[in-house]
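Enquirer: This is the structure I want to talk about, given as structure tokens.
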Amino acid sequence: MVPGGADDRAGGSGDVPTADAREIADAVDCLVHLWSTAAQEATVRLSPHQLRALRVLETAPELNLTGLAERMDLGMPTASRLCDRLEAAGMMERAVHPQRRREVQLRLTAHGRRVLRDVAHRRAQALAEVLRGMEPAERAALTRGMKAFFAAQGGSTGRHP
């Protein structure tokens, strides 16, 4: 009997959610590799933190440094250095808030938006290539399963940074 395999579930001796989790973890590892490889093939190479920061700024325009740090669960010095690197690369800019002069907003630049589009396009292409190898019923089941996963973890099926 293979731990986590079909025998583990069929025999009733194993914990079904745990066995499923082991199998899903393997698939997630493959997806993470596919995702990061596609991102690294983009015209501009970004660290996972840099890419995530751009995604956060895309979904929450004009966020301040504190907001970015909170959303990314980073300390303020780390978030500040991350923004320094993104600003130096021309992907985001700092601007004084029009109503609260002491607050600095973080904004994506046109270059930052292009980089995000490039990464998203490459990721979609890589994922589509894998999905083409699946039967339509398998793709539909995967889609239903992912929607159920997002709902169970309290999320939604929308875009996540």
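Please treat every number below as a calculation from the coordinates, not as lab data. Please read these numbers as outputs of a predicted model, since none were measured by experiment. For neighbour counting, all protein chains shown are included, and Cβ atoms are generated from backbone atoms with ideal geometry for every residue, glycine included.
Enquirer: On a 0 to 90° scale, report how tilted helix 48-59 is relative to the longest principal axis of the chain, with both axes built from alpha carbons and the result rounded to the nearest 10.
Expert: Once rounded, the angle reads 70 degrees.
Enquirer: If you build a Gaussian network model of the chain, linking Cα atoms that sit under 10 Å apart, which residue out of P17, P136, P48 swings the most?
Expert: P17
Enquirer: Moving to a separate point now. Return the tail of the calculated pair distribution for the stretch 45-137, meaning the percent of Cα-Cα pairs more than 18 Å apart.
Expert: In whole percent, the long-distance tail amounts to 48.
Enquirer: Name all residues of the stretch 110-130 having a backbone nitrogen under 14 Å from the label point set 7 Å from the Cα of T37 along its Cα→Cβ direction, giving them as ranges.
Expert: 123-130
Enquirer: In degrees, nearest 10, range 0 to 90: what is the angle between the Cα axis of helix 76-88 and the longest Cα principal axis of the chain?
Expert: 80
Enquirer: For a quick check, take a GNM of the chain with Cα springs below 10 Å and name the residue from A148, A110, A124 with the largest mean-square fluctuation.
Expert: Among A148, A110, A124, the largest mean-square fluctuation in the Gaussian network model of the chain belongs to A148.
Enquirer: Quick one: helix 16-40 against the long Cα principal axis of the chain, what's the angle to the nearest 10°, folded into 0 to 90?
Expert: 40
Enquirer: As an exercise, use a Förster radius of 25 Å and the Cβ-Cβ distance of A27 and E70 to find the FRET efficiency, rounded to the nearest 0.05.
Expert: The pair A27/E70 has a calculated efficiency of 0.20.
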